[in-house]
Amino acid sequence: MLRVADLSLSYGQVPVLEGASLDIDDGQFVSLVGPSGSGKSSLLRAVMGLQKPLAGSVTTELAKRDIGILFQDDALLPWRTARENVALGLGFHGSNRRRAADHADSWLTQLGLSGLGDRYPRQLSGGQRKRVALAQVLALKPRLLLMDEPFASLDAIVRARVTQDLVDLAERERIGVLLVTHDLEEAISLSDVVYLLSQGPRARMSQRYDIPLSRPRKLIATRSDPRFAPLLERLWDDLSREVDRGAAEAA
Amino acid sequence: MERRKYVWLRQFIAFAIIIGLWEAAGRAKLLNPLYAPSPSRIVGALIDLFAGGTIWPHLEATFGAALGGLALGIVVGTVLGIAAALAPFLAELLEPVMIMLNAVPRVVLAPLFVIWLGIGIASKVALSFVLVAVLIFFTVFTGILQVDRRLIERITTLGGGRTALLRHVYLPSIVAWIMGNLKVAVGFAFTGAVVGEFVAASRGLGYLLSFAQSTYNSALMLALVLLIMVFVLVIFALAGRLERHLLRWR
C-alpha cells in the first residue's frame, strides 16, 4: 500500500533522516518510534507531500484523498462548527453542502459526538476536539491514516477511549495506519509492526519488530498478554541503547 | 457584577461633579466665555443647531464622506493586502508605497486632494479612504503572512486548493483582523472627513468647525466636538455589535 525507500530528509540545513525505509500493507497498523529529533514527524510529512525529500522515494498506489493525516494539534478551523469542520474535506471532493453535513453528522455520532455538531471548537473539550479532527479525516474514507501523536495531549482515560475507538474503526474498515509515537506500550498494543529509528541527526531505521498479538485488539487486555512484556523490554532496551549512543556521540 | 455597577456609578458622579464645577465657575464669571463657555452654553449651541434644522446637511456631508471613505478603504485595502500577501511581486511594488504613505501624516494630503478633486465630497472621501486603506492594507497583509500554518496544512491535506484556502482560512482570518481594527478605522474615516472639510468645503461638520473658529464661537466648536464624539461612539457601539456577531466563534 505504501513504500518508503531510502528516504533522506533535512530540517533546514540539518540532515535529519538518512536512507530510511518502511512498508505498510493494506489494513496494517505500523508504528514508528525513536528518540526525539530522529525525524519521525518529518517522515510522516514527507509521506503526505508536505516536506520534500533530499533523496529516496515514497511510492503508493493510493490517491491523495485516500491518505489522511492527524497532527498533534487538532488544527480545526475555529470559525467553523464541529459539523462544518468535518464536512470540509467532503466539500473539497465534490459533495454538496447538504449531503456533506448529513455525512458529517453521522461521523460525529459514530465518534460519540452526537448533538455537538453546532458547537465551535472552543466550546469543545480537548478529547471532543480530537474526535472532531478524527471524524474530519475518517469522513473521507482514507485507506491509510498517518498520525503524529494526535492524542498525546489528552488525559489517560480520554486518550485510551479515543485510541480504542480508532483501533476498532481501523480494524473494521481495514484502514492502514502509520503512527508516530513516543509511547512504546502504545506502539506495541496497537501495531502489527513497529519500526525503531536511531538517534538523529542522520537517523536510520535501526530495527523492525513484528508484533504477534491477535486482532481485534482491546488495548488494556493486550497489555496483560504474556508476549507483551518481553516485546516491551526488548524495544525499551534497543531504544535506550540508541539514546545512550546519541548522548555519547554528542559528548 | 455589583462591583461593576458601582464603578459605573462612581464614574458618573465624578463626571457630574466636573460638569457642575465647570458650570458654577462659568456662572461665577471665573471663566472667560470667549475661551471656555459653560456647559449650558454648549448645550444651548447644540440645541440651536438641531432646532433650526441647519445641522442635517452638514451631518449628511460628513457621514457620507466618512462612511464612503471607510467602505472604499476597507474594500481596496483588503484586496491590495490579499494580493500583496499572495503574490510576492505585487508586495515588492505595493509595500514601499504603503510604507511611504504610512510614514507621512496623511492628513497633510488634504490640500492636495482639494486641488485635484475640488471642494466637494470627493476630496473628503479621498482623504478618509487613504487613511483607512493604508491601515487595512497592513492589517490584512501582515495578517495573511502570519496566518496559522497548521490551518493551511489542514486544508491542503484535506484536498483543498487555493480557492479553499482563501475561503476557509484567509477570509475568515481577515474578517477577524479587520474587526479588531474597525474602531480605529472608523476614527480615521471621520478624521479624514472632518479635516478635509476643515481645509476647504461648503458643508460638513469640519466646515462648521472652521466657521466657528473664524467667528471665535467656542460654544459652537465644543458643541460640534461633542456631536462628533457622540456619533462616533454610536458607530463604535454598532461596530462592536457587528464584531460580536461575526466573531461569535471566539
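Every number in this text was worked out from the coordinates using simple rules, so none of it is lab data. On a predicted model such as this, the values are computed, not experimentally measured, just so you know. Don't worry about glycine lacking a Cβ; one is built from the backbone with ideal geometry, like all the others, and counts go over all protein chains shown.
Go ahead and run the numbers for FRET between A:Glu233 and A:Gln164, Cβ-Cβ distance against an R0 of 22 Å, rounding to 0.05. Display every interim value, and only then the final one.
Details: r = 24 Å, r/R0 = 1.10.
With R0 = 22 Å, the Cβ-Cβ based efficiency is 0.35.
Quick one: in the stretch B:54-246, what % of C-alpha pairs are over 24 Å apart? Before the final figure, lay out each step's value.
Working: 8526 of 18528 pairs.
When every Cα pair of the stretch B:54-246 is considered, 46 percent fall beyond 24 Å.
Restricted to Cα positions, what overall size does the stretch B:1-137 have along the principal axes? Three whole-Å values, descending.
66, 46, 26
Which semi-axes, in whole Å and largest first, does the equivalent ellipsoid of chain A have when worked out from the alpha carbon gyration tensor as the square roots of 5 times its eigenvalues?
Details: eigenvalues 195, 90, 56 Å².
After scaling each eigenvalue by five and taking roots: 31, 21, 17 Å.
Let me check I have the definition right: for the stretch A:79-131, take the eigenvalues of the Cα gyration tensor, multiply each by 5, take square roots. What are those semi-axes in whole Å, largest first?
Values: eigenvalues 68, 26, 15 Å².
Result for the stretch A:79-131: semi-axes of 18, 11, 9 Å.
Between B:Leu117 and A:Arg172, how high is the FRET efficiency from 1/(1 + (r/R0)^6) when r is the Cβ-Cβ distance and R₀ = 56 Å? Nearest 0.05. Working shown, then result.
Numbers: r = 70 Å, r/R0 = 1.25.
With a Förster radius of 56 Å, E is 0.20.
If I fit a long axis through the Cα atoms of helix A:126-138 and take the longest principal axis of the Cα atoms of chain A, what angle between them do I get, 0 to 90°, rounded to 10?
Between helix and principal axis, roughly 90 degrees.
Antiparallel DSSP bridges in the stretch A:131-251: what percent, to the nearest 5? Intermediate results must be reported in sequence, preceding the final value.
Values: 5 of 10 bridges.
Of the beta bridges lying entirely in the stretch A:131-251, close to 50 percent run antiparallel.
Gain in length, A:Ser240 to A:Arg215, computed as 0.36 nm per residue apart minus the alpha-carbon separation, to one decimal in nm? It would help to have the intermediate numbers written out before the result.
On the way: separation 25, 0.36 × 25 = 9.00 nm, distance 2.88 nm.
Length gained, A:Ser240 through A:Arg215: 6.1 nm.
Any idea what diffusion coefficient the protein assembly as shown gets from Stokes-Einstein, in µm²/s, Kirkwood Rh on alpha carbon pairs, 37 °C, 0.692 mPa s?
Details: Rh = 27.8 Å.
Estimated diffusion coefficient is 118 µm²/s.
Need one value for B:156-169: mean number of C-beta atoms belonging to other chains within 10 Å of its residues' C-beta atoms.
Working: counts 6, 16, 14, 12, 5, 1, 0, 1, 4, 0, 0, 1, 8, 2.
So the per-residue partner count for this stretch is 5.
Output needed: percent of Cα pairs per 5 Å distance bin for the stretch B:41-115, bins running from 0 to the one holding the longest distance.
Distribution as computed: 3, 12, 11, 17, 14, 12, 10, 7, 6, 5, 3, 1 percent.
Using only DSSP helix segments of four residues or longer, with each worth -39500 (n - 2.57), what per-residue ellipticity at 222 nm results for chain B after dividing by its residue count and rounding to 500?
Numbers: 11 runs with 201 residues, N = 250.
Only helices count here, giving -27500 deg cm²/dmol.
Per residue and in Å³, how big is the convex hull formed by the alpha-carbon atoms of the stretch A:56-146?
Details: hull volume 9.3 nm³, N = 91.
Roughly 102 Å³ of hull volume per residue.
For the stretch B:146-250, count the residues as N, evaluate 2.2 N^0.38 Å, and divide the Cα radius of gyration by that value, please. Don't skip to the end; give the middle numbers.
Numbers: Rg = 21.0 Å, N = 105, 2.2 N^0.38 = 12.9 Å.
Relative to the 2.2 N^0.38 Å estimate, the stretch B:146-250 comes out at 1.63.
I need the calculated FRET efficiency for the pair A:Asp6 and A:Lys52, taking r as the beta carbon distance and R₀ as 25 Å, to the nearest 0.05. Present the calculation step by step, with values, prior to reporting the outcome.
On the way: r = 15 Å, r/R0 = 0.60.
The calculated FRET efficiency here is 0.95.
Please name whichever of B:Leu242, A:Gln207, A:Pro226 sits farthest to the positive end of the charge dipole of the protein assembly as shown, dipole taken about the Cα centre and charges placed at Cβ: Lys and Arg +1, Asp and Glu -1.
B:Leu242
Subtracting the Cα-Cα distance from 0.36 nm times the residue separation, let me have the gained length for B:Val184 to B:Ile47 in nm, one decimal.
Details: separation 137, 0.36 × 137 = 49.32 nm, distance 2.93 nm.
46.4 nm is the gain from fully extending B:Val184 to B:Ile47.
Indicate, rounded to the nearest 5 percent, the antiparallel portion of the DSSP beta bridges found entirely in the protein assembly as shown. Working shown, then result.
Values: 17 of 35 bridges.
DSSP beta bridges in the protein assembly as shown are roughly 50 percent antiparallel.
With helices defined as uninterrupted DSSP H runs, which ones in chain B have an alpha carbon span along their own long axis of at least 15 Å and mean Kyte-Doolittle hydropathy of at least -1.0? Walk me through the numbers on the way to the answer.
Values: long enough: B:2-27 (37 Å, 0.24); B:39-51 (18 Å, 1.26); B:55-86 (46 Å, 1.60); B:88-103 (22 Å, 1.27); B:121-145 (35 Å, 2.36); B:171-199 (38 Å, 1.48); B:218-246 (41 Å, 2.06).
Membrane-span-like by this rule: B:2-27, B:39-51, B:55-86, B:88-103, B:121-145, B:171-199, B:218-246.
Would you mind listing how long the stretch A:150-206 runs along its three principal axes, going by Cα atoms, in whole Å with the largest first?
35, 27, 15
Does anyone have the angle between helix A:228-250 and the longest principal axis of chain A? Alpha-carbon axes, 0 to 90°, nearest 10?
70
How many Cβ atoms of partner chains, on average, are near each residue of A:65-77 if near means within 10 Å of its Cβ? Display every interim value, and only then the final one.
Details: counts 3, 0, 1, 3, 5, 2, 4, 1, 5, 2, 9, 3, 9.
Mean partner shielding for this stretch: 4.
Within the stretch A:82-184, list the trypsin sites (Lys or Arg not before Pro) lying in a DSSP loop whose Cβ has at most 13 other Cβ atoms in a 10 Å radius. Walk me through the numbers on the way to the answer.
Values: sites: A:Arg83, A:Arg97, A:Arg98, A:Arg99, A:Arg119, A:Arg122, A:Arg129, A:Lys130, A:Arg131, A:Arg143, A:Arg159, A:Arg161, A:Arg172, A:Arg174; in loops: A:Arg119, A:Arg143, A:Arg174.
Within the stretch A:82-184, the qualifying trypsin sites (Lys or Arg not before Pro) (loop, at most 13 other Cβ atoms within 10 Å) are A:Arg174.
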